[in-house]
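A.B. asks: Before anything else, here's the structure in question.
The values are calculated or read from the model by the stated rules, or taken from the named source; none is laboratory data. Remember, it's a predicted structure, so these values are computed and weren't measured experimentally. Cβ placement follows ideal geometry from the backbone for every residue including glycine, while neighbour counts extend to all protein chains displayed.
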Amino acid sequence: MAYTIQLIVEGFATGSIYGALALAIVLVNRSTGLINFAQGSMGVLATFVAFGLVQLGAPLLLAMLVAFVFAFVFGAGVERFVVRRFEGGDPDTAVVVTIGLFVLIAGIAALIWGYEPRQFPSLFPPQSIEILGVFISLRSVGTIVVLVAVMALLQVLFRFTKLGLAMRAVADNPQSASLSGLPVSRLLMVGWGLAAVLGALAGILVAPQLFISPTMLDFALVYALAAAILGGLDSPLGAVVAAWFIGIVENLAGAYIDFIGDDLKIAVPFIFMLVILIARPQGLFGRKVTVRI
Amino acid sequence: MSAVAAELVLRDINLRFGGIKVLQDVSMAVESGRIFGLVGPNGAGKTSLFNCISGHYRASSGSITIDGVETSGKSASQMTKFGLARTFQHPALQLHETVLENVLLGAHSTLAGGPVSWALRMPWTTRSEKAARTEAAELLERLGLGDVADTPAGELSPGLHKTIELVRALLSKPRLLLLDEPAAGLSHTEVEAFIASIRGVRDDFDLTIVIVEHHMGLISAVTDRVMVLDHGATLMEGTAREAQSDPRVIEAYLGQASTAEVSGEPAGA
Amino acid sequence: TRTATDGGAGAGTGADETAAPSPGITDTTLSLGISSPLSGPTAGPGSCSVAGLDSYLEAQNAAGGFEFGDGKTREVTLTYLDDTYDPAKTVSNFKQLVGDGIFAYVGALGTPTNAAIMPIANSEEVPQVLLVTGATAFSEDQKANPWTFGLLPTYYDEANTFGKLLADAGKPITVAVLSQNDDFGKDYVAGLTDAIEGSDVTIVDSATYEPTDTTLDSQVTQLAASKADVLMSAVSVTPLQVGVLTKAQSIGWLPRIFLPSNTSTPGTILEPGGATAYPAVYSTSLTKVPASPTFAEDEDVKAYNAAFAEYGSKIAAVYTPHCAWSYAEGAILGEAFKGMEEPTRDSFMTALKSIKDFQAPLLLDGITVDTTRDDQPAISGLTLVQASGPGYAPAKAY
Amino acid sequence: MSLLELEDVSASYGYAPVLHGISFGLEANRAEGILGANGAGKTTTLRAISGMVPATGRIRFDGVDILGKSPDRIARMGIAHVPEGRGTLGGLSVRDNLRIGAYQRKDRKQIDEHIEFCLDLFPNLRERISSNASALSGGEQQMLAVARAFMAQPRVILLDEASLGLAPSTAQRVYDAIRRLQTETGVAMVVVEQNASLAFSVVDHALVLETGRVSIEGPKESLMGMDEVRRAYLGG
Amino acid sequence: MKNLLARPIVRLLLAVVIAVVIIVAPISSSSFINYQLSLIAVFAVALLGLNIVMGYTGQVSLGQSAFLGLGAYIAAYGVRQEWPVVVIFLLCCIIPAAVGLLVALAAARLRGLALAMVTIALPIIGVPLAKRFPDFTGGSVGSTVSWLEAPEGSGLADDQFRYYLVVAIAVVLFILGRNLVRGRIGRAFAIVKSNEAVALSMGISPYRYKVLAFTIASLFGGASGFLYIAVVQYTSPETLSFATSINLVAAMVIGGSASILGTVLGAIYFVMLPVVAGQIDSSRTALISGAALLLVLFLLPGGLVSLPRRIAQLVRGGRGGSPRSRAAADRPPTGDTAPRTTAAPEAEKQPR
Ligand SMILES: Nc1ncnc2c1ncn2[C@@H]1O[C@H](COP(=O)(O)OP(=O)(O)OP(=O)(O)O)[C@@H](O)[C@H]1O
Ligand SMILES: Nc1ncnc2c1ncn2[C@@H]1O[C@H](COP(=O)(O)OP(=O)(O)OP(=O)(O)O)[C@@H](O)[C@H]1O
Ligand SMILES: [Mg+2]
Ligand SMILES: [Mg+2]
């Protein structure tokens, strides 16, 4: 029993890694209507900035703040100078542009810091606490707390603030939004900037575990995308819940179903996803879009 | 043409979305070869009723028959088999494609051959494609779109989109045609031209037509009968003239100033 | 119908008395080629395996060049291409390199990538040697593939050495194995199983992982449930290996640990993983660790550090053991050049295959190069080491 | 000086010229009608004003040159545009659409009052207040687009076939409301309307476009007196 | 420029010139160049499949590499079992198509990103799956085959022979694919992409056409796997890796979505970019390829295929205009302000 609970706890911790990135994906989607494949690399780049500062002797918290500022400016800049040209065009093209960014940014990070993973200091102490035979690492607890807090913030942002409403409007239909006087381009920049900050946060949260390297979040990104879509692309709560779900289901399936094993356990969340999405195309917590004819 | 105009009968159609009752016990019968008008205030459920007939919505109860055959459970893509074609309230065209390519889509169900024959360009595929193109060109010509056949649809003003949709629908060789606000956005002169052509189309193609329109002039000019919907239920059924003088219809739909408009009834009536 | 040179086809069989020189060699130069992952997730080791070699070659060039068995001194150049660990690209790169006239293809990293070009190299008779891979496939049958062999001890050997240590303890020991889901992992498990056969050592649980996994916590949790005495953690990805070490202790499982040589560096694995918590950590080692204070005064290490700073650091930003291995590989090539009497690939292969008891720089005492066997890579000896203090010391018995 | 002034405005989509030198002026509290056949360039004129198509010439609003400014800046200056077609934010609820309409306003209290005003004007919207706009019927979406423009409390409102798809009584109600708005706030309007009798019920002055050029213009009464106008736009 | 191309005689001449170039190219080229040319043909076929499902039918697929890999494994296995080449080829088409069909029967109920996520699972699950069956796949070391040597007396080198074989198959597949995306079926694909409600009312079942498109894409993917083995003579789990799928999607868009010519250009880009990047600086390939991708799309948002149109535009539009107004002119407002997803991309103009 303790073993099962331990696996579930682990699933939570792993899921939180995906969840952190999934939140950034949700944020970009809600504020710009796009899917950003470069979300991971942008987060990594900002994390590298923090890494560089820490190496120069800056305290982690300060480095983190600087990384957030960097991320915001960088994200907004990417929107302004790269993505903007493709908004309103073929959505596939915009997605491929983010793929190009993904490759390019990883290349830039590698140019400066190389590809080999390096150790990154943790915000939280490395110890674990034992509760009834189940070990819970403080790092996971910290990650989960931060994640839940950010999720709540996002939920509030979109539900109750004017900025959130404006961002949703712009994502929904920029042209129509601009006719109501919404500063579309600035809102898009803010959306990208905030998402990049979230990406940076995700990067800083997971870097102690994954080690920082230009490709650190590549595989987490697939899971994060899955979580965002499974949860409902417009729901921060959904993204996090789905990420946990994926983490837990994967662990349990890998441990308990012999045929599946550690190598194929990744298939399990995807199969769940297929089934759930067929039943609920908008995702677990997503709002259904009606297309009138 | 061997096809004969279809007869459409609806019985006790109900439709709901969540808690909202969109249609309540709507019944109607359209005789073969007639033009039937469907009017009513905004949100009355006219388009929804069309969607039920065309299979885009599934009525929660009730029966729909075309020439006596029950079609209510059928998926929308099967409805061409029953000779049904429709246009949309918001024209749904491929804006980057030419007008000709847009309307040719209507010929889909009449063209011969499946994916394999088309990949191999079997003779029958090219033959039927050629025939469809000729027919499309003729129809465009007839409805006054001959000289824009090769223009991308997006470059034409929205008023013309309705007509392109009409041609597209006609190319599927329907026997029952549903037109959702075909004259919206047309100017006065254009409405008159439309009235003239719709009757011709009905006669030449041997069609039954159901029209949703807010343009009362058009409705009274072309329809044989009308039904007025309000809040998803039938308010009255009769001729257009009866409807326009019915106090309930004036109250719910036409409004006080309507008399002025009725007087502007076009000469084609 | 083709006019352009067809790669190695012109290299003849060496029967001629005045052997025509093979492509890629002149009286003053010799060119080598390599295709390794230089971008993407494997680029860390990939670039190190180029950087170490390049450091050695360039340093030697700067010192006057390489002496050859035919009495000439040549400058040796290295052309390296990126294959992102994609075999189709490796084939492309190989053809490009051969078309550009390299003399030999050396020291490439990667199992599938090297497997893809092995048949071409052998049919075109281009040396594909000293490969930086622990897979057995490249060295086990050098009669069938005379133009191919590896540099490093195989994964099988490594695990076999571990197994022997356990078996020699002569008491019941339970082992949990964590291995990569590929041939690397399978060879490892096979090496271990073969060594413990007939002993009191038993494998009580095993788990695998994909190199693409983000964490191995669940595998460690699962293995911890077996409460095994020993964890053989054949994990070849640095962060994952560190994760294993931190995870096991955090859930109160403190077995003796065995680490493979490519993920056992003190600075990047042991220290971040908190290895001191475990009763013992074993690994195998080939080379001196350049950054380790133990070897700070070592001549080899000083030379390496100087050369790397000058040349290799342009290619690889962070140290992995592959840097040191491929540096040693450079010296092995130099040794082969010394025995090469004719400017041909045949002569090169003959010379390269006759090296015995050669003490290449950076190799630990007792580890020597022996290329004369037909079923082994160039280096097959291993030193079992045990973590102690900031680095490793020769292992005591279990 | 007029509130809104167009001088020799030309516009094109890509390289196809559509407008050729349109000029007119509009005072506060007045309404200008634009008539014309399908494709004459009415919509394009409105788009040129609100910055949605690139144009040349001169467009001044309240003495400020607005040509070349982005649509959202022009909107913030006080020009609301009810576009042709579906002008709503489909993924947002009806209430959110109305709130977006009032985006640049600061008077919070009044906003809620105005939302009530719009919902009284369009009872359908009240019924569907928290539905996604995309679920609404065609006419309901049109109502929402008009309501959204009202919410902005603009100084100039550009109406592109605002009655399109509306039931006759509703269309009447919209124009009654527009007239009321005009007397209450002094808003100026440019009205493009196929239903010319409706248009003439609010405009003071009108121009007729033919293939991108002004062919006739004048006060409402004189236009309504012209035969060709009556025949083509009023029927009879 | 456009008018010139529209003339039948010019088109015919162009076709003849291209055919001659294709036939003559390998004769004087090195084995390296022939390998590149053959690889272009290989990936052009994979891209054609992807373009049919994604470019023409609008269903995002991130799983194309899985079918490429499956085809390659089947071919490698068939060669080891010494089956006749024709049988191998047919199996390489049929089995992936059948697998694609099965997947599509479930997945085609989804749309947009949900579908993309399910297709992403194919390569991600495919890799460990391939390692599970080493007898069939050769495990992670992969499997090497050595076949398709030039027949005696043909006077061709192996690489030339393989080039001709691969290109011939690719040309035939391209003709079939091109036929398919024009006319009845092509129009159905296009309307499924742009508006499913309209498709339904035309008697087109979007579900069926999505399944069809997906199946065809898998078939082409499998066929390209066969070609891959013909050229590379080796396959391993890396062949079907997820990264390949992503790169294929990028190449498809860069060449030109919903365009046959664009598909070929995309394949050239896909194969040549790494080579060129390696030529520039082999330790900075990621940087170079990322920058190149962005650059191409920046200049040609419609893909490489829009180059002639773009040039014509620039020539005609020599008159400046502020950057803003030009940017706005690039995407004129459609009268309808409906959600962007309904906007069809710049499609290749079909000849009529
Ligand atoms: N996006 C576009 N691209 C190219 N041409 C266009 C575009 N939109 C409109 N046009 C052309 O510009 C001209 C004017 O169109 P506009 O929409 O302004 O006409 P309108 O007077 O509003 O017509 P309607 O009464 O049908 O709404 C038309 O000839 C039309 O074909
Ligand atoms: N898919 C749907 N989801 C939710 N509500 C819907 C849906 N379809 C229709 N409705 C609701 O049903 C009611 C009737 O809509 P319908 O489009 O049928 O009206 P209509 O009579 O065509 O009106 P109009 O004249 O404005 O076009 C509306 O209130 C609409 O919001
Ligand atoms: Mg309707
Ligand atoms: Mg208009």
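A.B. asks: Residue by residue through the stretch B:127-141, note down the ones that are surrounded by 15 or more Cβ atoms within 10 Å (Cβ to Cβ) and either among the aliphatic types (A, V, I, L, M) or farther than 23 Å from residue B:153 by Cα (or both).
C.D. replies: Once the filter is applied, which keeps residues that are surrounded by 15 or more Cβ atoms within 10 Å (Cβ to Cβ) and either among the aliphatic types (A, V, I, L, M) or farther than 23 Å from residue B:153 by Cα (or both), the stretch B:127-141 yields B:128, B:132, B:136, B:137, B:139, B:140.
A.B. asks: Restricting attention to the stretch C:177-205, and to residues there that are away from chain E (no Cβ under 14 Å) and under 20 Å from residue C:262 (Cβ atoms), which single residue is surrounded by the most Cβ atoms within 10 Å (Cβ to Cβ)?
C.D. replies: That would be C:192.
A.B. asks: List, please: which pairs have Cβ atoms under 6 Å, are six or more places apart or on different chains, and start with a residue in the stretch B:125-146 that is assigned by the TED database to the domain that holds residue B:104 and end with one that is among the aromatic types (Phe, Trp, Tyr)?
C.D. replies: Cβ pairs passing all conditions: B:125/B:118.
A.B. asks: Out of all the residues in the stretch E:223-245, which are over 12 Å from the mean Cα position of the chain (by Cα), closer than 15 Å to residue E:122 by Cα and assigned to a helix (DSSP H, G or I)?
C.D. replies: E:237, E:238, E:239, E:240, E:242, E:243
A.B. asks: Can you name every one of the helices (runs of 4 or more DSSP H) wholly within the stretch E:68-148 that holds 2 or more residues which are of a type in the set (Val, Ile, Thr) and away from every other protein chain (no Cβ under 12 Å)?
C.D. replies: Counting at least 2 such residues, we get E:85-107.
A.B. asks: Could you tell me whether any residue of the stretch B:197-212 is within 11 Å of chain D (Cβ to nearest Cβ), away from ligand 4 (no atom under 16 Å from the Cβ) and in contact (Cβ under 8 Å) with a residue 12 or more places away in the chain?
C.D. replies: Within the stretch B:197-212 (the criterion being within 11 Å of chain D (Cβ to nearest Cβ), away from ligand 4 (no atom under 16 Å from the Cβ) and in contact (Cβ under 8 Å) with a residue 12 or more places away in the chain), the answer is yes, since at least one residue qualifies.
A.B. asks: Exactly one of (1) over 27 Å from residue B:232 (Cβ atoms); (2) at pLDDT below 90; (3) within 14 Å of chain B (Cβ to nearest Cβ) is unmet by residue D:110. Its number?
C.D. replies: (3)
A.B. asks: Here's something else I'd like to know. So, residue A:154, is that one more than 12 Å from chain C (Cβ to nearest Cβ) and within 22 Å of the chain's Cα centre (by Cα) or not?
C.D. replies: The answer is yes for residue A:154.
A.B. asks: Can you pull out every residue in the stretch C:37-85 that is among the hydrophobic types (A, V, I, L, M, F, W, C) and either assigned to a helix (DSSP H, G or I) or at the interface with another protein chain (Cβ under 8 Å from one of its Cβ atoms) (or both)?
C.D. replies: Listed by number, the residues that qualify are C:38, C:43, C:48, C:50, C:51, C:53, C:57, C:59, C:62, C:81.
A.B. asks: Being assigned to a loop (DSSP other than H, G, I, E, B) and within 14 Å of chain D (Cβ to nearest Cβ) is the filter; apply it to the stretch B:22-42 and report the residue that is nearest to residue B:221 (Cα to Cα).
C.D. replies: The qualifying residue nearest to residue B:221 (Cα to Cα) is B:40.
A.B. asks: Right, another one. Being at the interface with another protein chain (Cβ under 7 Å from one of its Cβ atoms) and in a helix (DSSP H, G or I) is the requirement here; does residue A:107 meet it?
C.D. replies: Here the answer is yes, as residue A:107 does meet what is asked.
A.B. asks: Next up: Restricting attention to the stretch A:4-48, which residues are part of a helix (DSSP H, G or I) and either of a type in the set (S, T, N, Q) or free of Cβ contacts under 8 Å to residues at least 60 places away in the same chain (or both)?
C.D. replies: A:4, A:6, A:14, A:16, A:29, A:31, A:32, A:39, A:41, A:47
Yes or no, residue by residue, for (1) in a loop (DSSP other than H, G, I, E, B); (2) surrounded by fewer than 24 Cβ atoms within 10 Å (Cβ to Cβ); (3) hydroxyl-bearing (Ser, Thr, Tyr):
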position: A:214; (1), (2), (3): yes, no, no
position: A:230; (1), (2), (3): no, no, no
position: A:239; (1), (2), (3): no, no, no
position: A:259; (1), (2), (3): yes, yes, no
position: A:276; (1), (2), (3): no, yes, no
position: A:285; (1), (2), (3): yes, yes, no
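A.B. asks: Which numbered condition in (1) within 30 Å of residue B:247 (Cα to Cα); (2) among the charged types (D, E, K, R); (3) assigned to a loop (DSSP other than H, G, I, E, B) is the only one that residue D:173 fails?
C.D. replies: It fails just one condition, (3).
A.B. asks: From the list A:72, A:102, exactly one residue is within 14 Å of chain C (Cβ to nearest Cβ) and of a type outside the set (A, V, I, L, M). Which is it?
C.D. replies: Selected residue: A:102, the only one of A:72, A:102 that is within 14 Å of chain C (Cβ to nearest Cβ) and of a type outside the set (A, V, I, L, M).
A.B. asks: For the stretch B:161-183: of the residues being in contact (Cβ under 8 Å) with a residue 60 or more places away in the chain, within 13 Å of the chain's Cα centre (by Cα) and within 16 Å of ligand 4 (Cβ to nearest atom), which is farthest from the other protein chains (Cβ to nearest Cβ)?
C.D. replies: It comes out as B:164.
A.B. asks: Filtering the stretch E:169-197 down to residues that are touching a residue at least 12 places away in the same chain (Cβ under 8 Å) and small (Gly, Ala, Ser), which residue is surrounded by the fewest Cβ atoms within 10 Å (Cβ to Cβ)?
C.D. replies: Top of the filtered list is E:186.
A.B. asks: Does residue D:161 satisfy the criteria of being buried (at least 23 other Cβ atoms within 10 Å of the Cβ), within 16 Å of ligand 1 (Cβ to nearest atom) and at the interface with another protein chain (Cβ under 8 Å from one of its Cβ atoms)?
C.D. replies: It is true that residue D:161 is buried (at least 23 other Cβ atoms within 10 Å of the Cβ), within 16 Å of ligand 1 (Cβ to nearest atom) and at the interface with another protein chain (Cβ under 8 Å from one of its Cβ atoms).
A.B. asks: For the stretch D:75-84, name all the residues that are of a type outside the set (Val, Ile, Thr), under 21 Å from residue D:173 (Cα atoms) and facing chain A (nearest Cβ under 10 Å).
C.D. replies: Across the stretch D:75-84, the qualifying residues are D:80, D:81, D:83.
A.B. asks: Grab the helices (runs of 4 or more DSSP H) fully contained in the stretch B:171-269, keeping just those with 1 or more residues being at pLDDT below 90, surrounded by fewer than 22 Cβ atoms within 10 Å (Cβ to Cβ) and touching a strand residue (DSSP E or B) at 6+ places or on another chain (Cβ under 9 Å). Give the derivation first.
C.D. replies: On the way: elements: B:188-205, B:216-222, B:240-245, B:258-263.
Of the helices (runs of 4 or more DSSP H) lying wholly inside the stretch B:171-269, those with at least 1 residues that are at pLDDT below 90, surrounded by fewer than 22 Cβ atoms within 10 Å (Cβ to Cβ) and touching a strand residue (DSSP E or B) at 6+ places or on another chain (Cβ under 9 Å) span B:188-205.
A.B. asks: Now, a different point. Listed residues A:84, A:159; which is charged (D, E, K, R), in contact (Cβ under 8 Å) with a residue 12 or more places away in the chain and surrounded by fewer than 21 Cβ atoms within 10 Å (Cβ to Cβ)?
C.D. replies: Exactly one of A:84, A:159 is charged (D, E, K, R), in contact (Cβ under 8 Å) with a residue 12 or more places away in the chain and surrounded by fewer than 21 Cβ atoms within 10 Å (Cβ to Cβ), namely A:84.
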